[in-house]
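Asker: What follows is a structure written as structure tokens; I'll ask about it next.
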């Protein structure tokens, strides 16, 4: 094998932009991130080191990638209307994740709220025009956040099929031509003072299980009544800040609702596949980097006075690691292709059980393999496994949360059971 | 939780005598009072409190001299029969803080190689006992064989590269070794216990005082966990030691591994038990699906069951090893191939089990488990660090080879 690019991906699915995008991102990652990433843990609160790298990735002075989803006529790249949107998203997540999964999630989550208004067939042109300048006309990195989880409910909010939204405590009341929002959200990516724009899943009728009462409403971070707490200190993911947000009588225009009654629930379900593809891309990127590091290590360190990789028993272990990476990458791109079939006659809508349940299942599998693969690689490195100088331990700390987020493992298992076994009461 | 930890995570109580039980009780009180009840303060002021709590454990309670002979001022737990008591103490320490546990474990391992009956080395004991019985906190460090580098042929201990050498030098020995990575505390150690190869390539153990000016220390490492132990790479450039500081009896290196497997297992089981306490509180105060208590959901309950059964079986396995080690007449002494192999198997299994218990529990706790606030992520990082260090090189490969060698009489591996 010549290099990590030769891990399998279905070449016939790959976007025509793939080579160019990867090349630009890889140059950025190798110049701006990889030489500094070992210092990111100490930079978790201030982002003195991290912020300039984000600017060069996302702002117009650098690659300008934060505008990718917006239509070209609004200054974007039109990825939201592309037949390769998911495959491109997977590649972006992979390339940035290879360098730092914390940066990858912070950057990709900026797209997350925007998918509800910028991706075919749900483009909301009025909101697209409203927010395009914020992302397309700046040299600085601009972040958005999906203010989803609530303190009391954990993953309940992502389990709309069962809860019907009745557990949501964040409320939106229409007062004239404005929504008035109240509530408390916990832990969204890009909070802790980072995001300029939130999308807020909430209810227009507390306790209701009617899906028409579920609402997705955009809220600028500087709106009166929005308060953000400081970031939490975590095991890893230093480039991704998570904190609390309180909405107290926050007023936004009525047309800041993403799609309207019923449709909001549909596009909310559609953002799940985006999060799952991003998650798999981050994990595959991190695993590709693991392979690079591990290759060097097992070629230069010895057991029984032979290179580690030339010992049959160790070879069995590292062979399995490489095999798992290969399988996970194939699954990630297969999932991405499911997303890109959304508009095709032979595809399924993004909000369908076919797409959501299968993607959750695949993300669960890839997450489990990644957690195992990193744990095993640290053990192969032995006394060097925990050493920050080898970067594998950083990835190990960072990726654990990917396995846990978006409802975690158990929600993935439930959705898989519901779909594959037609469970009625789970 | 309406049951005590010891009612849940049972161990054969008859293996631990009454005196040991009193010491174990004292250590549990220390853990609860000084660390577990003050977790937030401990987390925010970790470096200072780490030293203070180590002092209260080692000097006030006196555990620094736990395994020294009674006639030398110690507790007299230098008899194989004390093994279950020693692992119990390490479990209690690990429940509070894994880094304190690892340093305490290494201290006991060093003394096991030098003062454990019937191999009490009186000359070494006479030197070490006054130091470790004095009113000053001591930190030994352990350097084991590990991996080599391509292009450098090294003597081997069961496949692992021995990076230090020892040669006669006048009336003593000279120890050499470059860029060796200790298990713990390289930056602050006052005594190194290092596995060396003699001129014929045979493994032996040298005790090297940490203040020798021919010791070169690298920068303090940033690691996944156990950072309070302050580790760094060390080089010995012709460090001279007295003749009595070299222990070359057969099986001494195996004995070190055996004790390390047992005691680091004890530390990790303690961590697992504390994690159980935390996840119990979590699962009783969180609801899912709009109102069901988390632990009452069958899927969540099955994850909680995994946490409990991995910790439960790890503790039982560990006491089996302690029992084997406490009966040298029945099973052979702790440096024998048999007991060494058993310890490798059980040591590896215990670490895997506790790692899995925490990984599973984290799945329920989600972001709370991942944030520093709940202390769970520290346990998770500490256990992974112990596990990787214990692997030494090549993940489970060396342990698999040790096992196959013993059970199948393999000759070539």
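The values are calculated or read from the model by the stated rules, or taken from the named source; none is laboratory data. Predicted model only: the values in this text are computed from it and were never measured. Don't worry about glycine lacking a Cβ; one is built from the backbone with ideal geometry, like all the others, and counts go over all protein chains shown.
Asker: Mind listing whichever residues of the range B:398-413 are at the interface with chain A (Cβ under 7 Å from one of its Cβ atoms) and without any contact (Cβ under 8 Å) to a residue 40 or more places away in the chain?
Answerer: B:400 - this is the single residue of the range B:398-413 that is at the interface with chain A (Cβ under 7 Å from one of its Cβ atoms) and without any contact (Cβ under 8 Å) to a residue 40 or more places away in the chain.
Asker: Kindly indicate which of A:295, A:291 is part of a helix (DSSP H, G or I), more than 14 Å from chain B (Cβ to nearest Cβ) and either surrounded by fewer than 24 Cβ atoms within 10 Å (Cβ to Cβ) or without any contact (Cβ under 8 Å) to a residue 12 or more places away in the chain (or both).
Answerer: That would be A:291, the only listed residue that is part of a helix (DSSP H, G or I), more than 14 Å from chain B (Cβ to nearest Cβ) and either surrounded by fewer than 24 Cβ atoms within 10 Å (Cβ to Cβ) or without any contact (Cβ under 8 Å) to a residue 12 or more places away in the chain (or both).
Asker: While we're here: Just one of the numbered conditions (1) crowded, with 17+ Cβ neighbours inside 10 Å; (2) modelled with pLDDT of 95 or more; (3) outside the structural domain of residue A:67 (by TED's automatic domain parsing) is not true of residue A:174; which one?
Answerer: Just one mismatch for residue A:174, condition (1).
Asker: Hey, another quick one. For residue A:149, state whether it is farther than 20 Å from residue B:287 by Cβ, assigned to a loop (DSSP other than H, G, I, E, B), touching a residue at least 12 places away in the same chain (Cβ under 8 Å) and under 24 Å from the mean Cα position of the chain (by Cα).
Answerer: Taking the combined requirement at face value, the residue does not satisfy it.
Asker: Has the range A:23-41 got at least one residue that is over 30 Å from residue B:222 (Cβ atoms) and not in a loop (DSSP other than H, G, I, E, B)?
Answerer: Yes, some residue in the range A:23-41 is over 30 Å from residue B:222 (Cβ atoms) and not in a loop (DSSP other than H, G, I, E, B).
Asker: Which one of these is surrounded by 24 or more Cβ atoms within 10 Å (Cβ to Cβ), touching a residue at least 12 places away in the same chain (Cβ under 8 Å), more than 14 Å from chain A (Cβ to nearest Cβ) and out of contact with any helix residue (DSSP H, G or I) (no Cβ under 6 Å at 6 or more places or on another chain): B:116, B:59, B:90, B:163?
Answerer: Every option except B:116 fails the conditions.
Asker: Now for a separate question. Restricting to the range B:378-395, count the residues that are facing another protein chain (nearest Cβ under 8 Å) and in contact with a helix residue (DSSP H, G or I) (Cβ under 6 Å, 6 or more places away or on another chain).
Answerer: 9
Asker: So, one more: Going by the conditions given, is residue B:277 over 22 Å from residue B:50 (Cα atoms), touching a residue at least 24 places away in the same chain (Cβ under 8 Å) and not in a loop (DSSP other than H, G, I, E, B)?
Answerer: no
Asker: For the subset of the range B:358-384 comprising residues that are in contact with a strand residue (DSSP E or B) (Cβ under 6 Å, 6 or more places away or on another chain) and part of a helix (DSSP H, G or I), which member is nearest to residue A:299 (Cα to Cα)?
Answerer: B:370
Asker: Quick check: anything in the range A:302-325 within 20 Å of the chain's Cα centre (by Cα), assigned to a helix (DSSP H, G or I), at pLDDT 95 or above and away from chain B (no Cβ under 13 Å)?
Answerer: Yes, the conditions are met somewhere in the range A:302-325.
Asker: Just checking, which of A:377, A:332 is surrounded by 22 or more Cβ atoms within 10 Å (Cβ to Cβ) and at the interface with another protein chain (Cβ under 9 Å from one of its Cβ atoms)?
Answerer: Going through A:377, A:332 in turn, just one is surrounded by 22 or more Cβ atoms within 10 Å (Cβ to Cβ) and at the interface with another protein chain (Cβ under 9 Å from one of its Cβ atoms): A:377.
Asker: Do you know which residues across the range B:122-160 are within 14 Å of chain A (Cβ to nearest Cβ) and part of a strand (DSSP E or B)?
Answerer: B:141, B:142, B:143, B:146, B:148, B:149, B:156, B:157, B:160
Asker: For the range A:186-215, enumerate the residues that are closer than 24 Å to residue B:291 by Cβ, more than 14 Å from every other protein chain (Cβ to nearest Cβ) and part of a loop (DSSP other than H, G, I, E, B).
Answerer: Scanning the range A:186-215 gives A:204, A:205, A:210.
Asker: (1) farther than 18 Å from residue B:386 by Cβ; (2) within 14 Å of chain A (Cβ to nearest Cβ); (3) assigned to a helix (DSSP H, G or I): which one isn't true of residue B:220, the others all being true?
Answerer: (3)
Asker: Now for a different question. For the range B:233-252, which residues satisfy the criterion of being closer than 23 Å to residue A:388 by Cβ and either over 24 Å from the mean Cα position of the chain (by Cα) or within 11 Å of chain A (Cβ to nearest Cβ) (or both)?
Answerer: B:233 - this is the single residue of the range B:233-252 that is closer than 23 Å to residue A:388 by Cβ and either over 24 Å from the mean Cα position of the chain (by Cα) or within 11 Å of chain A (Cβ to nearest Cβ) (or both).
Asker: Does residue B:75 satisfy the criteria of being in a loop (DSSP other than H, G, I, E, B), outside the structural domain of residue B:333 (by TED's automatic domain parsing) and either touching a helix residue (DSSP H, G or I) at 6+ places or on another chain (Cβ under 8 Å) or surrounded by fewer than 20 Cβ atoms within 10 Å (Cβ to Cβ) (or both)?
Answerer: yes
Asker: While we're on this one: Among the residues in the range B:264-286, are any in contact with a strand residue (DSSP E or B) (Cβ under 6 Å, 6 or more places away or on another chain), farther than 23 Å from residue B:352 by Cβ and surrounded by fewer than 24 Cβ atoms within 10 Å (Cβ to Cβ)?
Answerer: Checking the range B:264-286: not a single residue is in contact with a strand residue (DSSP E or B) (Cβ under 6 Å, 6 or more places away or on another chain), farther than 23 Å from residue B:352 by Cβ and surrounded by fewer than 24 Cβ atoms within 10 Å (Cβ to Cβ).
Asker: Also: Are any of the residues in the range A:137-145 within 23 Å of residue A:270 (Cβ to Cβ), out of contact with any strand residue (DSSP E or B) (no Cβ under 9 Å at 6 or more places or on another chain) and either at pLDDT 90 or above or not assigned by TED's automatic domain parsing to the domain that holds residue A:106 (or both)?
Answerer: No, there is no match, as no residue in the range A:137-145 is within 23 Å of residue A:270 (Cβ to Cβ), out of contact with any strand residue (DSSP E or B) (no Cβ under 9 Å at 6 or more places or on another chain) and either at pLDDT 90 or above or not assigned by TED's automatic domain parsing to the domain that holds residue A:106 (or both).
Asker: Only one residue in B:107, B:138 is within 24 Å of residue B:210 (Cα to Cα) and free of Cβ contacts under 8 Å to residues at least 60 places away in the same chain, so which one is that?
Answerer: Exactly one of B:107, B:138 is within 24 Å of residue B:210 (Cα to Cα) and free of Cβ contacts under 8 Å to residues at least 60 places away in the same chain, namely B:107.
Asker: Which ones in the range B:174-196 are more than 23 Å from the chain's Cα centre (by Cα) and surrounded by fewer than 22 Cβ atoms within 10 Å (Cβ to Cβ)?
Answerer: B:174, B:176, B:178
Asker: Based on this model, can you work out whether residue B:362 counts as over 20 Å from residue B:157 (Cα atoms) and at the interface with chain A (Cβ under 9 Å from one of its Cβ atoms)?
Answerer: In short, yes.
Asker: Keeping to the range A:303-329, report how many residues are under 18 Å from residue A:278 (Cα atoms) and surrounded by fewer than 22 Cβ atoms within 10 Å (Cβ to Cβ).
Answerer: 2
Asker: Would a scan of the range B:335-352 turn up a residue that is at the interface with chain A (Cβ under 8 Å from one of its Cβ atoms) and either modelled with pLDDT of 95 or more or in a helix (DSSP H, G or I) (or both)?
Answerer: no
Asker: When you look at residue A:397, is it surrounded by fewer than 24 Cβ atoms within 10 Å (Cβ to Cβ), under 30 Å from residue B:181 (Cα atoms) and in contact with a helix residue (DSSP H, G or I) (Cβ under 9 Å, 6 or more places away or on another chain), yes or no?
Answerer: When the stated conditions are applied, residue A:397 does not pass them.
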